[in-house]
Amino acid sequence: MAIGAEATASIAVGGYCFSNINGDAGPLGKSATNPLICPYSELIYGPEAEALMVVSDATLNADTNYILSTSGNVPESMRRFLNAVNGQVTWTDVTADALITVDLASMIINELPGLILAFLHVAPDILAFYPAPLKYIPDPDKEVRYQVLQSIAAQKAASFFDAIMGEEQKKDNVVNFGDAYRFTEDERYLVMGRRNSGSSYPEEAKDQEEYAFYEANGFEEVGDSRLLYKYVRRC
């Protein structure tokens, strides 16, 4: 008999737990429940003795996360979670092998406002982050256009400084192309090195994985500026 469940769970500040479980107990039917339980919550809020019994070892991987490997009897929180799948089924002796990822990067982001307050005595209203661009190969046609516009900008600058220094020579029927050319808004941004209006580097240079991580932690991009921000929530 195949049984199973799809579930999500979370723990808020103060240890408040919440779960959303869609269970399938085969002939006993399906269920949808929202118990105030989170599996392995002992690892976060204790009791400490239970947490120590759960963890078999902990290792730090090459990036930003701890991987907790557990084996053997599951904690009380997990049994209560399983029992909430279907009220007609009671789980007693349960063992499991589990890998639990503790996201340190998200933890640091969540703790950062408190750290700033503790060490700098300033309560931030907003957090901002500017991700570095990836290495990329620019479009050749765009690069040619960029070089042409830079040349025109150089002509304009040279004429401007010549006028200031009194070195401009009047020549009849001669028009300086740089002086006559009028940049569009996007061309001005291009000459400034911003590549396009509102953007500091092109879309293909964005680290999509990094952006996805920050967006999952509540950050938003300011237009197409590549600047990410997040308002700090206070209780």
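The values are calculated or read from the model by the stated rules, or taken from the named source; none is laboratory data. The structure displayed is predicted, hence computed values, not measured ones. Cβ sites come from the backbone with ideal geometry, for glycine too, and all protein chains shown count toward neighbours.
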Those residues of the stretch 217-234 which are touching a residue at least 24 places away in the same chain (Cβ under 8 Å) and surrounded by fewer than 13 Cβ atoms within 10 Å (Cβ to Cβ), in sequence order: GLY223, TYR231, ARG234
Boolean, ASN73 is over 30 Å from PHE219 (Cβ atoms), of a type in the set (S, T, N, Q) and at pLDDT 80 or above: yes
Sole exception among (1) of a type outside the set (Lys, Arg); (2) out of contact with any helix residue (DSSP H, G or I) (no Cβ under 6 Å at 6 or more places or on another chain); (3) modelled with pLDDT of 85 or more for PRO133, by number: (2)
ASN61 at pLDDT below 85, of a type in the set (S, T, N, Q) and surrounded by 13 or more Cβ atoms within 10 Å (Cβ to Cβ): no
Residue in the stretch 189-222 that is farthest from ALA105 (Cα to Cα), counting only those that are among the small types (Gly, Ala, Ser), modelled with pLDDT of 80 or more and not in a loop (DSSP other than H, G, I, E, B): ALA205
Any hit, the stretch 112-121, residues being surrounded by 14 or more Cβ atoms within 10 Å (Cβ to Cβ), within 30 Å of GLY26 (Cα to Cα) and free of Cβ contacts under 8 Å to residues at least 12 places away in the same chain: no
Residue match in the stretch 123-138 (condition: more than 30 Å from VAL54 (Cβ to Cβ) and acidic (Asp, Glu)): yes
Which listed residue is more than 22 Å from GLU221 (Cβ to Cβ) and modelled with pLDDT under 80, from ASP179, ASP103, ASP186: ASP179
Tally, over the stretch 92-111, of residues that are more than 28 Å from ASP224 (Cα to Cα) and either surrounded by fewer than 14 Cβ atoms within 10 Å (Cβ to Cβ) or of a type in the set (Asp, Glu) (or both): 8
